[in-house]
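The values are calculated or read from the model by the stated rules, or taken from the named source; none is laboratory data. Note that the structure is a prediction, hence the values are computed from the model and not measured. Cβ placement follows ideal geometry from the backbone for every residue including glycine, while neighbour counts extend to all protein chains displayed. Heads up: the accessible areas ignore ligands, DNA and RNA and are worked out on the full protein's heavy atoms, side chains in. Shrake-Rupley method; radii C 1.70, N 1.55, O 1.52, S 1.80 Å.
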Amino acid sequence: MSVRWINEFRNWVTALFRKDTLHDEFHAEMEQHLDFMIDDLTRQGMSREEARKEALKQFGNVEFLKEDCQASWGIRIWDDFVNDFRFAIRQLFKHKVHTAIIVLTLAICMGSNTTAYNLVVKLVSKPYDYADADQVVLVGKKWPKLQGDSIGQVSIPHYAFLEENTESFSSIGFVADGNFFDLDLNNSTRRVATDKITAGVWDVTGVRPVAGRFFSQEDVEQSSGKVAVLSEALWRELGGEDAQIVGEQLRLDGESYQVIGIAPESFYLRYERADVWVPRVFKPWEFQPDQRNNHSFSVVAKLKSGVSHDQANQRLRSLYESFLEIHPGDRLEQERTGATFGSVDINVSLTQGLEQIGMAFRSIQFVTLVVLVIGCLNVGGMILLKGYARIQELAMRKAMGASVFRLARQVYVEIVVYFLLGGAFSILVLKAAFQGSQLVQIDDIPWAGEWAIDANSLLVTAAIALGAALLTGVMPLVSLLRRELMEFIKSGNRSMTGSKSKHRLQSAFVISQVSLSVILLIMAGVLIRNLNAVLQKDVGFDREGRIAFEVPHPKYRFGEGEEDYRAKVLTFQERALLSICSIPGVINASTTNRIPIDVRHMNHSSFSMSHYEYEEGEPEATALRLVTRPGYFDTVGTRLILGRDFQETDTHQTERVVIISQNTMERYYQGMDPVGLSISIWGKDMKIVGVAEQVQDKPFFMEFDQYTIYFPAKQWHDLSNGQTTFVVHTQGDSEQQLASIEKAILEVDPKVTIDSITFDDVYKGATFTQRLPMIMTALFAGLALLLSSLGLYGLISFTVTERTKEFGIRMALGAGRRNILKRVMGGSSWLIGCGLTVGLVVSFLVCSQLNPVFSDVNTTNPVTFVGVIVFVLAICLFATVFPAHRATRINITRTLQY
Amino acid sequence: MPREGKKDVLLGTLDLLILRVVSSGPIHGYAIARRIEQISEDVLTVQQGSLYPALHRLEKKAFITSDWQTGETSKPVKMYTLTVDGNRQLEEEKKHWQDVSNAVNLVLRQA
C-alpha cells in the first residue's frame, strides 16, 4: 500500500513540473479522439464536414473536460493556490499605501513586542538560565518581622549546619561574591572580579565547562584550594584557545592558582558577573559560634526531584529550630525578628527585594501590549475595509459558482503574504531595537549581560496579530453568507458611498484607535512624569566634576591588621592624595569606602544611643557605614548641618568620633543637638561631632530605610571594604582629569589597580530603573502613536479613495473644493471627537486610581491631559488633511470615465 | 449522446471496465470507449467526460501508463498499457465486483 502511495505522490509531483506538457498532450489526445469520431461518422455515411460538426456537438466543452482531468491529477488545487498568490502580490502593488501601512504595522508590532518580552524575561522573569532553573533555590536566613519574605545572607556556621542537613536538596553550594583579585599579567596588574565558591555550586547550577573541567571537592583538597575557573570573557582576553591557558598557573593576589576550566559566558551567580571562580576554603575558626552573626554569604541549592518549594521551606523552618537548640543565644533575635531559614526560587530572588524594577519592566510590557492591540486594530481594520471594498466582486464570483472555501482561501493567502512581508521587516525592527538597547546602556544592568531574541515570543506575537487579521478577513465573507447574494450585486453603485455595516465597523475602528492612543499617551505621560520626579530629587551630593577612583588594597601587598593599615594603607592614601591635589584643576580630594548611590559595598551595623532606650520589641537602628577622610563632605558637595568634619587629628590615639546623617538626627534627636552626645556601636562609645545633610546612599530601586554613620578613616582599620575610594572634585575636561589622576595614583604605587568612574555615570547606573522605563515608555508610546496615525490615515484615505467617484459627481455638479474638504473632514472629526472623549474618560478613571501608587506626582494633572489632547488632535488632523486634500485634487473627467 | 436503450456505465465500475479493456494490450482512449460499447452490445456507453478523467486518475495512481505511438495513422496516438500494480488492482476489483453482484443477485432471487 505504501509503495502505491509513493508512486502516486511521485506522479503528482511529476505532473506539477510537467504541467505544460500535460496541457499539450491533453489537447493532442482530444484532437485524436475527435479524429476517430469523425472517421467513424464518415464511415456511417456522413460527409467530412457534417461529421466534424456532429463530433464537435457530441464532444461538448473541452475546457470543462480539461479541468476535470487536471482535477484527476490533483494539480488544480496547486494551480489555484498559485493564482491566489499571484493575485495577492498584484493587490499588494496595486494598493501601495495600504500595503505599506499593514506591513509597517506588523513589523513594528512584532519587533517591539518581541523586544519588550525578551527584555522582561531576561531582566525580571528568568534572569538565570541554569539547567532546571525552577528547581534551583537561593537558601538563606529571613527575618519576617523586619523584611517580610525576602531572603538574606547567612554566616559560615549557618552554611555548615545546612550542608549537614540537606534532606530536601540534591546538592548545595556556598557563594562568597563580590571579591576582587589582582591578576598578575607580568608587566601590569588587572583586577578580576572573583566569586569564592564550593564545588557544590557546579552541581547546583548544572553548568557545563567551555573547556577543561570544574573543580571537585577532591581537587580543592589536593590543591589546598589553589585551582581556578576562568570566565569565557577573561579566557578570550588572555588569548582563548590558542594560548592554552587551561592547565597553566595564574598569579592571583600574589598566589599561584592552576587554571582547570573555563565557564561559559552565560554563567553568573549573583548580581555581578565574575571573571574568576576559586574554591572557598574554610578555616577552622570560621566555624566558631561567634561567627554566626557575620551574614555575608549566599547559599544556592537544588531541590531533590519531587520536593516542592513549600516542603523545602517547611523543612528549613524546622532546621532553624534545631539550629536554635545548639545556639540558644539566638532565641531572643528570633522572638524579635521571627528569624528562620528560608528559600526562594533563584529566578525570583534577584528581583524579590527590588520591586520597583519588576514594576517598571512590567509596565513596559503593558505598554507594548497596547501597541500590539493598536497594531491588530490597524491590520484588522485595513483588511476589513479591503474585504468590503471587494464584496461585490466576491458576491459575483459566488453567484457564478465559486465556493466560500475558495473565496476565503484567496483572502487568507493575501493575509499570509502580508504577514510574511511583515515578519521579514520585523527582523529589521528587532535589529534596531537591539542596537537601541545598547544606546540606553542596557549593559549597565549588572545581570543583563547578553540577551538574545527568543523565537517563540516572535511567533506568539505573530500568531496574535494573525488571529486578528484572519478574524477580520473572514468578516466580509460572513456577511456574504448571511445575506442574499443578489442584494450585494444589485446594490451596485450604492456601495460606492459605503454600506451601513461597513460604515459602522469603520467608525468603531477609528474610535477605538483614537481612544487607545489617548489612553496610552496619558499613561505614558503619567509614568514619565513620575519617573522624572524621582530623578529631580535632591540626592544630597553634587555630580558635576566629581570622579571616583576605587583602589583595592589586597592583603598580599597591604597586609592586614591595624599596624599594616596605618603603615601601608594610610600612607598610600596620604601620598596619593598629595599627588592628586598637586594636579592643576583638582579642587578637592578625599577618600571614602564607597561611592554614594552605588549598589556595592553596603555594610550595615546596628547602633544604640546614650540618650535613647529601645522599646520592647523595637528593632535596633542599623546604619550604613562610611569611612571617610577629612574634606570628604566638601569634595562631594554634601553640607554639614551641625558640628564639624573629621580632622587630621582624629586618629587611633584620640577619642572615637562619628558624624551621623540628617535622618538619624530627625528620628532620634528631635529638638536636641546631637553634637557632643555619644553613640554606641560594637559596644564601643563614640562621640558625635557632626550631622551631615541627607544623602541618597543607595540606588533608587532599593528600599531606603536606614541611617548612615560616617567614621574617620584613621580610627578604623577594618571598615574599609578592602579598598580605598578616592573622590576628587575637578574642573575642566573630566576625561583628561580622570587620566591624569589615574597616572598620579599609579606613580605612587604602580602595582595597584584602579577602577575609575565619574559620579555622573554612577548616577546613571543607579537610576537605570527610572531612566530605562522612561525611555522605553516614551519609545513605545511614540510607536503606538505612529501606528495609530498610520491606521487612521489608512482608514480615512481608503474611504476617500473609495468615494472618488462620488466626489467626482459632486464636483461635476458644481460642488467646490471647500465643500468636498468639509465633507471628508466632517465625517472623520466626529469619529475622532468620540475617540478622544472615550479615551479621556477611561484614562481619567485609571489615573485617579493610580494616584496612591505614584505618590510623587498628581496623576490627574490637567497639563498631561491637555498636552495629550493637543497632540492627538494634531496627529488626527494630519491623518485627515492629506486624504481630504487628495480628494479635492481629483480629475473629474477621469474619475467618471471608469 | 446516449441513445435510447443505452445505459451509462454503473457508478464505480468504470475503472474496473477500463482496467479490463486495457489489460488486453495497448489501446487508445477512443477505442476503449468503443470496445466497452461493442462488448456490452451497446448496452453500456462511456462518455468522454467521464472516460478521460478516469484514465488520468488511473494513470496518476500508476495502474496504467501511457505513451505516444505511431500506429495505423500517421499521427502519434496516446496508448494506454496496464502496469503490474494495475493488474493487481484489476484482480482485486474483479473479485470485489463478483462478490457484490453475487450478493445483489442473491437478494434479487430470494427476497
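Protein heavy-atom surface of chain B, 1.4 angstrom probe: 56% of the accessible area is carbon and sulfur, with nucleic acids and ligands not counted. Between the listed residues A:Thr592, A:Leu520, A:Gly826, the Cα displaced farthest toward the positive end of the dipole of chain A, a dipole computed from Cβ unit charges relative to the Cα centre, is found at A:Gly826. Only Lys, Arg, Asp and Glu carry charge here, each on its Cβ (+1 for the first two, -1 for the last two); on that basis chain A has a dipole of about 5700 debye about its Cα centre. Loop-located GluC sites (Glu not before Pro) in the range B:11-81 (DSSP state other than H, G, I, E, B) with a sparse environment of at most 11 neighbouring Cβ atoms within 10 Å: B:Glu41, B:Glu72. Database remark: amide H of A:Val227 closer than 5 angstrom to the amide H of A:Gln258 (H placed geometrically; neighbours at sequence offset of 5 or more, or on other chains; Pro and chain starts carry no H). For chain B, the longest principal axis of the Cα atoms and the long axis of helix B:29-39 meet at an angle of about 40 degrees.
Restriction of the GluC sites (Glu not before Pro) in the range A:585-692 to DSSP coil positions whose beta-carbon has at most 15 other beta-carbons within 10 angstrom yields A:Glu613, A:Glu615, A:Glu616, A:Glu620, A:Glu648, A:Glu655. May I ask which residue of A:Thr753, A:Leu772, A:Phe798 lies farthest towards the positive end of the charge dipole of the range A:743-818, with charges of +1 (Lys, Arg) and -1 (Asp, Glu) on Cβ and the Cα centre as origin? Positive-most Cα among the choices belongs to A:Phe798. Of the solvent-accessible surface of chain A, computed with a 1.4 Å probe and all protein chains present, 56% belongs to carbon and sulfur.
Rounded to the nearest 100 Å², what is the sum over both chains of accessible area buried where B meets A, with a probe of 1.4 Å?
For chain B against chain A, roughly 2400 Å² becomes buried.
Among beta bridges identified by DSSP and lying wholly in chain A, the antiparallel ones come to about 80 percent. Taking a ≥ b ≥ c as the square roots of the eigenvalues of the Cα gyration tensor, an a/c ratio of 1.5 or more together with a/b larger than b/c marks the range B:7-110 as prolate. Length gained on full extension, A:Arg886 to A:Ala160, computed as 0.36 nm times the residue gap minus the Cα-Cα distance: 253.4 nm. When nucleic acids and ligands are ignored and a 1.4 Å probe is applied, A:Asp203 ends up with an accessible area of around 100 Å².
Determine the alpha carbon to alpha carbon distance for each of A:Lys126/A:Lys226; A:Lys555/A:Lys743; A:Lys142/A:Lys283; A:Lys142/A:Lys304; A:Lys141/A:Lys555; A:Lys555/A:Lys764 and list only those over 28 Å. Those over the limit are A:Lys126/A:Lys226; A:Lys141/A:Lys555; A:Lys555/A:Lys764.
Among the protein heavy atoms, those of A:Arg886 account for about 110 Å² of accessible surface (1.4 Å probe, every chain in place).
Sparse packing (at most 15 other Cβ atoms within 10 Å of the Cβ) combined with a DSSP loop state is found for the following chymotrypsin sites (Phe, Trp or Tyr not before Pro) in the range A:572-645: A:Tyr614.
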